[in-house]
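Note sheet for the following structure.
The values are calculated or read from the model by the stated rules, or taken from the named source; none is laboratory data. From a predicted model like this one, the values you see are computed outputs, not experimental measurements. All Cβ positions, even for glycine, are placed from backbone atoms using ideal geometry, and neighbour counts span all protein chains on display. Please note that ligands, DNA and RNA were not included when accessible areas were found on the heavy atoms of the full protein model with its side chains. Shrake-Rupley method; radii C 1.70, N 1.55, O 1.52, S 1.80 Å.
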Amino acid sequence: MTKKYFGTDGIRGFVNSKNINGDMFFKFGLASGRYFRTKKNKQIAIIAKDTRLSGYTLEPALVSGLTSAGMHVYTMGPLPTNGLAMLTKSMKANMGIMITASHNQYYDNGLKLFGPDGLKLSDKIEKKIEALIDKKIENNLSNPKKLGRVKRLESGNKDYIKILKKNLPKNFNLRGLKIVIDCANGAGYKAGPELLKSLGAKVIAIGIKPNGLNINLNCGSTFPNKIKFAVKKNKAHIGISLDGDADRVIMCDEKGNIIDGDQIVAALAIRWKRKKMLRGGVIGTLMSNYGLEKFFKSENIKFQRANVGDRYVKEKMQNNNFNLGGEQSGHIILGKFATTGDGLLVALEVLFSLRKGKKASNFFNTFKKTPQILKNVEVKDKSILKNLDIKNSIKAADKLMKGQGRILVRASGTESIIRVMGESENTKLLQMCLNILLKKIK
């Protein structure tokens, strides 16, 4: 289903470009406000954001669009994405909007939309909102008597932390644990350290000084070496690394080993199965390591792949009645507790698993990864994948790899990038197959 504005995870792009500017954010607010407007007395929209400088430009435009559609708007300031999702549901709002470009650098921005159930929107709903965006503005405007009001709520992070802690036994604490947390100078810079400290941990917090330009800059889940060095330097028990909107988490054990989303999912799946908490099986994505798939097969745990993007993981979890899913990048959905990825929630679940003194390195020691190589190729036009020459090259690489691994070529849903990924124990063959493709994709 081809969409005009929405990608795999909301709308995203370069600030002050075609779609990411004040004019378009007014239209996004107006159209989404019109779509989620109901017949009930009070129409409510909640807005949160990460720490990008452009948030100051885009948020007022979004608010203007929403109030013009008749929505009463609560702005929360910097708050993790799942915090917004949780509060959208608990406050019985019509909708929630997160202003963020997730793990991208400061010069990008965008938005993620959530319905009243706290879920990201389906492709079908996104298409309907796109149709409203392209309508004449006056068609979506509300009666002057029904314009919305705006109020700033300062309690968002505290309310979010309360919801997270409700999932834990009252006597649970982290006393005696030394934890490093890297908040990527992003949306979790307040909630992350505050949550861990409130549970009694000794916290070394980095990436907590956002200046509007340093979000994800050499820090956070896309730069895990930062957490690795900090854990070793401080002799910490574990490291937690979030991305810009805190819906991803990459971790580090006490030995300095980086733990990606696949490894976290594997460890939690085994624990949940043992505790009879795992329902159905696990949903991964096209990018999940082949070693993870083999491991689940050996453990008699059902495993299915969804398209890349945590909302596709969530949709497949719902369709199959599974309660655990995630991506290698650190988007992990704990279906029992959340509707979308939440780095802090996943970290809490891991820490709860370690409460009896188990070492992180032992907890995460589950499966052997199949060697994987991922190359990101910047392109002017992602539709080059429709090129016959490239299609034939993919077929040739697949034929060479047959029975010894797999090749995946896909366009990024949020960036002008073609992702070329291969997995095989035969690393020479793997590199040869990738070279065939990389020569064609330019």
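For segment 149-168 and segment 372-442, write down the distance between their C-alpha centroids in whole Å. If you average the Cα positions of each part, the centres end up 43 Å apart. For segment 34-113, the share of DSSP beta bridges that are antiparallel, to the nearest 5, is 25%. Shape descriptor for segment 102-204: Rg over Rh equals 1.10 (Cα atoms; Rh from the Kirkwood inverse mean 1/r).
Peptide packing: for 338-350, 147-159, 258-270, 39-51, the average count of neighbouring Cβ atoms within 10 Å per residue gives the ranking 338-350, 258-270, 39-51, 147-159, highest mean first. Between Tyr107 and Asn321, the simple spin-label model (points 7 angstrom out along Cα→Cβ) gives 5.0 nm. In the chain, the DSSP beta bridges split such that about 55 percent are antiparallel, to the nearest 5. Relative to the Cα centre, the charge distribution of segment 263-360, modelled as +1 at Lys and Arg Cβ and -1 at Asp and Glu Cβ, gives a dipole magnitude of about 580 debye.
In this calculation the C-beta distance from Lys18 to Lys197 is compared with R0 = 45 Å, giving a FRET efficiency of 0.60. Remark: relative contact order (segment 293-378) = 15 percent; criterion is Cα-Cα distance under 8 angstrom and separation of 6 or more residues. Taking 7 Å steps out from each Cα toward its Cβ at Asn387 and Leu400 produces label points 1.8 nm apart. Remark on Ile206: its backbone amide H falls under 5 Å from those of Ile181, Asp182, Cys183, a criterion applied only to residues 5 or more positions apart or on other chains, H modelled at 1.01 Å from N. A simple spin-label model places pseudo-atoms 7 Å from Cα toward Cβ; at Leu168 and Leu408 they are separated by 3.3 nm.
When the solvent-accessible area of the chain is split by element, carbon and sulfur atoms take up 50 percent of it, the probe being 1.4 Å.
The Cα atoms of the chain cover 67, 61, 40 Å along the three principal axes, with the biggest extent listed first. Look at the dipole of the chain built from charges on Cβ: of Ile390, Asn21, Ala45, the Cα furthest out on the positive end belongs to Ala45. A 1.4 Å probe run over segment 270-320, with the rest of the protein chains in place, finds 51 Å² accessible per residue. For the chain, calculate the relative contact order in percent as a whole number, restricting contacts to Cα pairs under 8 Å that are 6 or more residues apart. Worked out over the chain, it gives 13 percent. A Cβ-based charge dipole, computed about the Cα centre of the chain with Lys and Arg at +1 and Asp and Glu at -1, lands at about 1040 debye. This model, with +1 at the C-beta of Lys and Arg and -1 at the C-beta of Asp and Glu, gives segment 104-146 a dipole about its Cα centre of some 260 debye. How far is the Cα center of segment 91-132 from the Cα center of segment 292-342, in Å? Cα centroid to Cα centroid, the span is 21 Å. With an a/c value under 1.5 for the gyration tensor axes a ≥ b ≥ c computed over the alpha-carbon atoms, segment 257-358 is described as rounded. Solvent exposure of segment 358-442, expressed per residue, is 59 Å² of accessible area, with all protein chains present and a 1.4 angstrom probe.
Across the options Ser221, Thr285, Ser298, the greatest Cα extent toward the positive end of the charge dipole of segment 195-327 (unit charges at beta carbon of Lys, Arg, Asp, Glu) belongs to Ser298.
Across segment 348-430 the C-alpha pair distances fall into 5 Å bins from zero in the proportions 3, 12, 17, 15, 12, 11, 10, 9, 7, 4, 1, 0 percent. Remark: relative contact order (segment 39-181) = 29 percent; criterion is Cα-Cα distance under 8 angstrom and separation of 6 or more residues.
The 3J(HN,Hα) values that the Karplus relation (6.51, -1.76, 1.60; θ = phi - 60°) gives for segment 204-220 are, in residue order, 9, 9, 10, x, 10, 10, x, 10, x, 10, 9, 4, 6, 7, 6, 7, x Hz. Gly and Pro appear as x.
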